[in-house]
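*Asks:* Below: one structure in structure tokens.
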Amino acid sequence: MTDHSATPKKLFIKTYGCQMNVYDSERMAEALGTKGYVTTEVQDEADMVLLNTCHIREKASEKLYSDLGRLKALKTAKPDLKIGVAGCVAQAEGAEILRRMPLVDLVVGPQSYHRLPEMVEAKGKVVDTEFPAEDKFDHLPTRRALRGPTAFLTVQEGCDKFCAFCVVPYTRGAEVSRPVARLLAEARDLVSRGVKEITLLGQNVNGYHGEGAGGSWGLARLLRALADIDGLERLRYTTSHPNDMDDDLVAAHGDLPQLMPYLHLPVQSGSDRILKAMNRKHTAEHYLRLIERIRAVRPDILLSSDFIVGFPGESDRDFEDTMDLIRSVGFGAAFSFKYSARPGTPAAEKPELPAEVSDARLQALQALITTQQRAAQEAMVGREVGVLYEKPGRLDGQMMGKSDHLHAVHVIDPTAKVGDLVRVRITASSTNSLAGERLDS
Ligand code: SAH
Ligand code: SF4
Ligand code: F3S
């Protein structure tokens, strides 16, 4: 299938948004590899530029148009340059992108990436934003390019939750889980090529319910089967919804040594009134009890979350409830966003709060999270953790890797290689990383 006749064409991909886009970009690069494309890091030397976009907040999707604006000069200098738009803005806006930006040649939605090889060879402009019946993953090349000892594996896509603020159910479609056998095969293949850590991805990854031996499997069962693969040392998963954390998954955090002690569990708000308006279908109390259950089986787990401030109708009291929730949990990390009204979502109908109010709340929330993040880092000093080396550090003989708790750790370890999983004692904490010394060399 690979076309070796032509000189390789160069493909530049820019990825915005979540880790599922990162995974998809890799798969698109492999698909276009069958048409003779090799990836480049240098946009100016590209024969094709592919922008894999995100629609989650207004700023994210506006970035596409400013980047396209900047590509005009390159297209003028290289008229044969192909420009493609993929991802969630492609899905949401489709042909509108071609109308607004005539320099774009193709628009492809997240469920149609397997059709890219044909689309690049088509004459004229093409748009494909269907939700096809076939599974794109079955039609994408399976030999995946690897970038190190860690890999993403998308196990589930789409979302049926319809939080009132969120575009994902519209851009990624309904929840679909990939079958167990395919995932185990892909994971074994990754491990055979040196991968030691796999992060399972899904918009609602813990809502996973894939076809497996004897019926439908939940995420915990899938994790247990993956943990049996020899050489697969670490497992993580993201992103989860509090309502889909079942007993089996909570238990897995206590009894699966490969499942790392870090969990991203978005709560969005600590106010029940706002959670209701957001259509989250859980309360602050429900979230706090869930955290207790997880900590009961894995006391050292580091928790992270997502927060939206300034949701329509959020009062000072509601915001204080969110701050209280943060104080009672104690997060190791968190992502926080100012509410952004997204066209087509129910919340977009409601009046927005003044920007100054949201800005001030965001600042206060981020200051609190930063304090907690620093405290969590400080608490690691003196402890022994596993570190998987991902790349050499900037200093001579230094390696950089991630700890079990997902902290970046620098270690002076001149004889080590990328991909080594070693024991390290943490010796110091700085703003965004830890330093440690190797124990078992
Ligand atoms: N599926 C995941 C993540 C979805 S998007 C989940 O359910 O948690 C990642 C984060 O972006 C969300 O958790 C939310 O905090 C934020 N987000 C989504 N829509 C937003 C909006 N309209 N304005 C601001 N932040 C938003
Ligand atoms: Fe969006 Fe809510 Fe679905 Fe997460 S659970 S993707 S926030 S609709
Ligand atoms: Fe963005 Fe789409 Fe991911 S909207 S966050 S790229 S699912």
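*Asks:* Search the range 361-400 for residues being acidic (Asp, Glu) and more than 23 Å from the chain's Cα centre (by Cα), and hand back the single one that is surrounded by the fewest Cβ atoms within 10 Å (Cβ to Cβ).
*Replies:* Out of the qualifying residues, it is Asp396.
*Asks:* Which ones in the range 116-132 are within 21 Å of Phe12 (Cβ to Cβ) and under 23 Å from the mean Cα position of the chain (by Cα)?
*Replies:* Leu116
*Asks:* Kindly indicate whether any position in the range 23-40 is assigned by TED's automatic domain parsing to the domain that holds Val104 and within 16 Å of ligand 1 (Cβ to nearest atom).
*Replies:* Yes, the range 23-40 has at least one match.
*Asks:* Of the conditions (1) without any contact (Cβ under 8 Å) to a residue 40 or more places away in the chain; (2) within 16 Å of ligand 2 (Cβ to nearest atom), Glu157 fails just one. Which one is it?
*Replies:* With respect to (1) without any contact (Cβ under 8 Å) to a residue 40 or more places away in the chain; (2) within 16 Å of ligand 2 (Cβ to nearest atom), Glu157 is out only on (1).
*Asks:* Residues that are open to solvent by 10 Å² or more (accessible area, probe 1.4 Å) and within 16 Å of ligand 3 (Cβ to nearest atom): does the range 123-130 have at least one? Steps first, please.
*Replies:* Keep residues of the range 123-130 that are open to solvent by 10 Å² or more (accessible area, probe 1.4 Å), which gives 123-130.
Right, trim to within 16 Å of ligand 3 (Cβ to nearest atom) and you get 129.
Within the range 123-130 (the criterion being open to solvent by 10 Å² or more (accessible area, probe 1.4 Å) and within 16 Å of ligand 3 (Cβ to nearest atom)), the answer is yes, since at least one residue qualifies.
*Asks:* Given the conditions (1) in a helix (DSSP H, G or I); (2) modelled with pLDDT under 95; (3) within 16 Å of ligand 1 (Cβ to nearest atom), which single one is not true for Asn206?
*Replies:* (2)
Yes/no per residue for (1) more than 23 Å from Ala174 (Cα to Cα); (2) open to solvent by 20 Å² or more (accessible area, probe 1.4 Å):
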{"position": "Ile13", "(1), (2)": "yes, yes"}
{"position": "Arg27", "(1), (2)": "no, no"}
{"position": "Thr40", "(1), (2)": "yes, no"}
{"position": "Val49", "(1), (2)": "yes, no"}
{"position": "His55", "(1), (2)": "no, no"}
{"position": "Glu58", "(1), (2)": "no, yes"}
{"position": "Gly84", "(1), (2)": "yes, no"}
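*Asks:* From Glu197, Glu157, Glu233, Glu211, which residue is at pLDDT below 95 and not hydrophobic (A, V, I, L, M, F, W, C)?
*Replies:* Sole residue among the options that is at pLDDT below 95 and not hydrophobic (A, V, I, L, M, F, W, C): Glu157.
*Asks:* Still on this structure, please answer the following. Taking Val107, is it closer than 19 Å to Lys125 by Cβ and over 19 Å from the mean Cα position of the chain (by Cα)?
*Replies:* Yes.
The values are calculated or read from the model by the stated rules, or taken from the named source; none is laboratory data. Because the structure is predicted, anything quoted here is derived from the model rather than measured. So basically every Cβ, Gly included, is an ideal-geometry build from the backbone, and we count neighbours across all protein chains shown. Accessible surface is based on the protein model in full, side chains and every heavy atom, while ligands, DNA and RNA are left aside. Shrake-Rupley method; radii C 1.70, N 1.55, O 1.52, S 1.80 Å.
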